[in-house]
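Data first, discussion second: the structure below is written as structure tokens.
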Amino acid sequence: MSWPNPFITQRADPFILRHGEGYYFVASVPEYDRLEIRHADTLNGLIEAEAVTVWRKPETGPFSALIWAPELHHINGQWVIYFAAAPTRDIKDGLFQHRMYALVCDDSDPLSGHWQPVRRVFTPIDSFSLDATHFVHQGKNWYLWAQKDPAIPGNSNLYLAELLNPWTLKSAPVMLSRPEYEWECAGFSVNEGPAVIHHGDRLFVTYSASATDENYCLGMLSIDMMADPLDSTAWQKSARPVFTTSWENQQYGPGHNSFTRDENGRDVLVYHARNYTEIEGDPLWDPNRHTRLKYIEWREDGTPDFGVPPADHTSVP
């Protein structure tokens with residue numbers, strides 16, 4: 001299967017969920033003001049699928065600005081959208097004031113169903129937090145996210161906790177990773193945007209590191225499937241990034257990924273990247289982080305090979 005590159009333009013932080021017989025797509029919109037869902041029977045069908053707005057931010061309040069990085073999950077029969085939001089759009093005051101929120105829908109169709117009032121997802125530290133994801137492992141529901149610890153230098157670290165329900169932590173959070181390598185600290189010291197994939201006898205977590213310009217890249221953690229995920233010492237961290245800017249292909253800052261599978265069950269990397277580096281002003285307001293897809297290869301040792309971001313091209317779905 002081939003996809004155009006970009007796959008969907010001006011959609012950053014892309015997340016594709018394969019559920020039932022179809023696919024659901026959510027992402028950050030350039031205006032950072034709403035949550036949209038696309039649905040299609042096939043991956044390529046998402047390109048032309050209608051973007052249905054299921055929620056708009058209020059004019060005021062704690063989640064009234066900078067709606068970032070939504071993810072759509074189906075947890076124990078409920079649809080859940082995780083997102084981060086700030087109380088103000090002002091860059092000086094609002095950029096690092098995000099907190100995490102959950103929207104829940106009990107209906108069968110998330111595009112037409114009723115979404116309940118926004119719930120905040122509380123963590124022990126009341127600080128900048130974002131990029132939550134969910135996964136099932138060892139028969140339990142897990143919540144994985146990025147958060148600032150005021151006692152640790154840098155913008156954000158990665159934390160894991162078991163869930164009691166989609167908006168409530170059951171266990172104390174454990175820090176899995178913090179920015180420490182040079183490639184994690186270019187521009188900003190960042191670990192964010194975690195995503196989870198299982199393969200063989202290991203569970204892998206990719207995450208994004210550094211500033212959101214051409215320095216943005218993917219790092220990776222892994223753990224044995226039988227190990228306790230709340231044992232931080234059981235996790236191994238790659239000393240090098242696993243997916244980075246390709247100057248040759250003019251693909252800059254690939255990151256904030258998710259994973260899905262194509263119609264034949266083959267693993268697909270979903271990510272965003274720009275095709276230029278000349279950004280005017282704050283990269284946050286540059287709308288051209290486009291959604292892109294590429295296949296994942298698996299090495300003989302069971303680790304993923306993400307390869308190189310392919311150059312822009314057009315193909316007929």
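Just so it is clear, none of the values below were taken in a lab; they were calculated from the coordinates. As the structure is a computational prediction, the values presented were derived from the model and not from experiment. Here the Cβ positions follow ideal geometry from the backbone for every residue, glycine too, while neighbour counts run over all protein chains shown.
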Seminar exercise, completed: Mean separation of Cα contacts under 8 Å (at least 6 apart) over the residue count of the chain, i.e. the relative contact order in percent, is 16
Seminar exercise, completed: In the neighbourhood of T245 defined by beta carbon distances under 12 Å, the net charge of the other residues (Lys, Arg +1; Asp, Glu -1) is -2
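Using the Cα atoms as the points, what is the convex hull volume per residue of the chain in Å³? Working shown, then result.
On the way: hull volume 41.7 nm³, N = 317.
Expressed per residue, the convex hull around the Cα atoms of the chain is 132 Å³.
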Seminar exercise, completed: In whole angstrom, largest first, the equivalent ellipsoid semi-axes that the Cα gyration tensor gives for segment 1-67 are 25, 13, 9
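Under a Cβ-only charge scheme (Lys and Arg +1, Asp and Glu -1), can you give me the dipole magnitude of the chain about the Cα centre, in debye to the nearest 20? It would help to have the intermediate numbers written out before the result.
On the way: 25 positive and 42 negative charges, 110 e Å.
The calculation lands at about 540 debye.
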Problem set entry | Largest to smallest principal axis extent of the C-alpha atoms in segment 42-133, angstrom | 41, 29, 23
Problem set entry | the chain: Lys pairs at Cα distance under 29 angstrom, eight or more positions apart or on different chains | 11
For this session: Using +1 at the Cβ of each Lys and Arg and -1 at the Cβ of each Asp and Glu in the chain, identify which of I47, I152, A209 lies farthest towards the dipole's positive end.
Result: I152
For this session: Pop a pseudo-label 7 angstrom from the Cα along the beta-carbon direction at both A151 and W298 and give the gap in nm to one decimal.
Result: 4.0
Exercise. Along its principal axes, what span do the Cα atoms of segment 106-243 show, with the longest given first and each in whole Å?
Worked result: 45, 32, 29
For this session: Count charges around I125 for me, please; just the other residues with Cβ under 10 Å from its Cβ, Lys/Arg as +1, Asp/Glu as -1.
Result: -1
Problem set entry | Dimensionless Rg ratio for segment 141-193, taking C-alpha atoms and the 2.2 N^0.38 Å reference | 1.23
Exercise. What does the charge dipole of segment 164-317 about its Cα centre add up to, to the nearest 20 debye, if the Cβ of each Lys and Arg holds +1 and the Cβ of each Asp and Glu holds -1?
Worked result: 360
Exercise. Which ³J(HN,Hα) values, rounded to whole Hz and listed in residue order, are derived for segment 302-312 from phi using the Karplus coefficients 6.51, -1.76 and 1.60 in 6.51 cos²θ - 1.76 cosθ + 1.60 with θ = phi - 60°, glycine and proline given as x?
Worked result: x, 8, x, 10, 7, x, 10, x, x, 5, 4
Exercise. Can you give the Rg and Dmax of segment 172-317 based on its C-alpha atoms, in angstrom?
Worked result: 15.7, 48
Exercise. For the charge dipole of the chain, defined by +1 on Lys and Arg C-beta atoms and -1 on Asp and Glu C-beta atoms about the Cα centroid, which residue among Y276, S108, W247 has the Cα displaced farthest towards the positive pole?
Worked result: S108
Seminar exercise, completed: Whole-number value, in Å³ per residue, for the convex hull of the alpha carbons of segment 1-159 is 145
For this session: Output ³J(HN,Hα) for segment 178-184: one whole-Hz value per residue in order, computed from phi by the Karplus curve 6.51 cos²θ - 1.76 cosθ + 1.60 with θ = phi - 60°, and x for Gly and Pro.
Result: 9, x, 9, 8, 4, 6, 8
Problem set entry | Normalised contact order of segment 97-244, rounded percent, pairs of Cα under 8 Å and 6 or more residues apart | 15
